[in-house]
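Only one structure is covered here, and it is reproduced in the block below.
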Amino acid sequence: MTIHTYPDIAREEQLTAPDYGPEIDEACAKIKKACDGFGTDEDTLIKLLGSKTPYERYLINRRWGELRSKTLRKRIGEEFRNNDLGILIQFLAQPLEEAECEMIRMACRGIGTNESLLYPIICGRSNEDMQVLKKTYFKMYEKDLAIVLKGELSGDFEKLIFYCLQAAEEEFNQEYHTDEKAEEDANAFYKAGQGRWGTDEGQIFKILVNSPPEYLKMVDAKYVEKYGYSLWRAMEKELRGYAEKAAVFTFGMKIKPAETVAKLIKSTCAGIGTDELELSCAVVRYQRLLPEVTQAYEELLGGKTLEKRIKGETS
């Protein structure tokens, strides 16, 4: 199964209020104090929200809603401008699934779509998390996410995004996901790409998205054995533009998620200037994975730490 990025509580039906504990009430009180009066204690808010896990921020957000008339997201939004820091703090002031819906909304705002912000949110995630995301988007905006994205996207990139939205990754079953089937799918993958005139992107995306990680590794091994290079390399050869980037990202999130997120963060800092919005989105979204991502980043960059890189790229 592809990894979850949401805390468990986001996937559970909440029939009763959770046990908040005194530390959650204390955090809500500190946030209120930091926002009250003349001027905002930005340092306190940054340290408080930035130091919490996604699960703790989920509880803080819910508890705040029980204690106050305004949502925490709205209250924080009144205190910060919509600059890079303000947007980051507003992401941290809401449950992760709601923050991601806001990221999607931002990616689709204005003329043109920010594909590089969009595809890491949609691609390479578990069935359960995708269902939560779609349900939350409708709850927040009263619009179907698939219909919204259909109006924004086109071509092979749209095709891959819609395969991901279906949340149809199979559960790994040793009796079904056999070596023989892996060889069949490796051959099908080749025939859809390198082995034909023109590329059958739909067949490639179907195998990529619907295969559980354990099985996709088997298909990849069969592909390497028979054709001499990996599925990742095959997709680089056969796909173009954001369809290629999103497909490779989907493959990576199933096979090597920490390394894939490390590469994503690295890409936000590449070239002249840092895309601070995309960097903020990546750090907020993958907070649960950061210990593994930090290690993968150091290996990828030959010892340079993720913390040092972010400090050097932001202000």
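The values are calculated or read from the model by the stated rules, or taken from the named source; none is laboratory data. Just so we're clear, the structure is a prediction, and the values are computed from it rather than from any experiment. For neighbour counting, all protein chains shown are included, and Cβ atoms are generated from backbone atoms with ideal geometry for every residue, glycine included. What goes into the accessible areas is simple: the full protein's heavy atoms, side chains included, and nothing from ligands, DNA or RNA. Shrake-Rupley method; radii C 1.70, N 1.55, O 1.52, S 1.80 Å.
With all protein chains present, how much of the accessible area of segment 153-198 (probe radius 1.4 Å) comes from carbon and sulfur, to the nearest whole percent?
On the way: 1160 of 2750 Å².
Looking at segment 153-198 in its full context, I get 42 percent from C and S.
Work out how much length GLU299 to THR16 would gain on full extension: take 0.36 nm times their residue separation and subtract the Cα-Cα distance, in nm to one decimal. Provide the component values of the computation, followed by the final result.
Values: separation 283, 0.36 × 283 = 101.88 nm, distance 4.42 nm.
That works out to 97.5 nm of additional length.
Taking the Cβ-Cβ separation of GLN166 and GLU307 as r and a Förster radius of 41 Å, what is the calculated FRET efficiency to the nearest 0.05?
Working: r = 37 Å, r/R0 = 0.91.
Given R0 = 41 Å and the Cβ-Cβ separation, E is 0.65.
Of LYS33/LYS74; LYS52/LYS139; LYS159/LYS254; LYS222/LYS263; LYS32/LYS139; LYS30/LYS134, which ones are farther than 21 Å apart at the Cα?
Values: LYS33/LYS74 16 Å; LYS52/LYS139 25 Å; LYS159/LYS254 19 Å; LYS222/LYS263 25 Å; LYS32/LYS139 27 Å; LYS30/LYS134 33 Å.
As for pairs spanning more than 21 Å Cα to Cα, those are LYS52/LYS139; LYS222/LYS263; LYS32/LYS139; LYS30/LYS134.
Treat every Asp and Glu Cβ in segment 16-147 as -1 and every Lys and Arg Cβ as +1, leave all other atoms uncharged, and give the resulting dipole magnitude about the Cα centre to the nearest 20 debye. Mind dumping the intermediate values first?
Details: 21 positive and 22 negative charges, 65 e Å.
Approximately 320 debye in magnitude.
For the ranges 284-291, 17-24, what's the packing order if you count other beta-carbon atoms within 10 Å of each residue, average per peptide, and put the highest first? Mind showing how you got there, number by number?
Working: 284-291: 17.9, 17-24: 12.1.
Ranked from most to least packed, the peptides come out as 284-291, 17-24.
Work out the length of the dipole vector of segment 168-315 about its Cα centre, built from +1 on the beta-carbon of each Lys and Arg and -1 on the beta-carbon of each Asp and Glu, and round it to the nearest 20 debye. Present the calculation step by step, with values, prior to reporting the outcome.
Details: 21 positive and 26 negative charges, 120 e Å.
Value, rounded to 20: 580 debye.
Roughly to the nearest percent, how much of the accessible area of segment 239-279 is carbon and sulfur, given a 1.4 Å probe? Intermediate results must be reported in sequence, preceding the final value.
Numbers: 930 of 1660 Å².
Its accessible area is 56 percent carbon and sulfur atoms.
In Å, the Kirkwood hydrodynamic radius of segment 163-242 over pairs of distinct alpha carbons?
Evaluated over segment 163-242, this radius sits at 12.8 Å.
Tell me, what is the per residue accessible area of the chain in Å², probe radius 1.4 Å? Please list the in-between numbers first.
Numbers: 15950 Å² over 315 residues.
Per residue, the chain has an accessible area of 51 Å².
Which of the trypsin sites (Lys or Arg not before Pro) found in segment 1-99 are loop residues per DSSP with 15 or fewer other Cβ atoms within 10 Å of their Cβ?
Values: sites: ARG11, LYS30, LYS32, LYS33, LYS47, LYS52, ARG57, ARG62, ARG63, ARG68, LYS70, ARG73, LYS74, ARG75, ARG81; in loops: LYS52, ARG68, LYS70, ARG81.
Here the trypsin sites (Lys or Arg not before Pro) that fit, given the DSSP loop and packing criteria, are ARG68, LYS70, ARG81.
Compute the length gained on full extension between THR44 and ARG109: take 0.36 nm times their separation in residues and subtract their Cα-Cα distance, giving the result in nm to one decimal.
Numbers: separation 65, 0.36 × 65 = 23.40 nm, distance 3.11 nm.
Contour length minus the Cα-Cα distance gives 20.3 nm.
Given a 1.4 angstrom probe, I'd like the percentage of the accessible area of segment 51-98 that is carbon and sulfur, rounded to a whole number. Before the final figure, lay out each step's value.
On the way: 1030 of 2280 Å².
Roughly 45 percent, rounded to a whole number.
Could you tell me which residue out of GLY65, THR44, THR5 lies farthest along the dipole of the chain toward its positive end? Charges go on the beta carbon: Lys and Arg +1, Asp and Glu -1, centred on the Cα centre.
Towards the positive end, the residue furthest out is THR44.
Work out how far the C-alpha atoms of segment 183-315 reach from end to end along every principal axis, then list the three figures in whole Å, largest first.
Each principal axis gives a Cα extent; for segment 183-315 these are 50, 27, 24 Å.
Quick one, what does Rg over Rh come out to for the chain if you take C-alpha atoms and the Kirkwood Rh? Write down the numbers at each step before the final one.
Working: Rg = 20.9 Å, Rh = 21.0 Å.
Ratio value, two decimals: 1.00.
Among the GluC sites (Glu not before Pro) in segment 98-189, which ones are in a DSSP loop with at most 11 other Cβ atoms within 10 Å of the Cβ? Mind listing them? Walk me through the numbers before you get to the answer.
Numbers: sites: GLU98, GLU100, GLU102, GLU115, GLU128, GLU142, GLU152, GLU158, GLU169, GLU170, GLU171, GLU175, GLU180, GLU183, GLU184; in loops: GLU142, GLU152, GLU169, GLU170, GLU171, GLU175.
For GluC sites (Glu not before Pro) across segment 98-189 that sit outside H, G, I, E and B with at most 11 neighbouring Cβ atoms in 10 Å, the list reads GLU142, GLU171, GLU175.
If you take all C-alpha pairs in segment 1-130, what percent of them are over 17 Å apart? Show your work: numbers first, answer last.
Values: 5179 of 8385 pairs.
Result for the distance tail: 62 percent.
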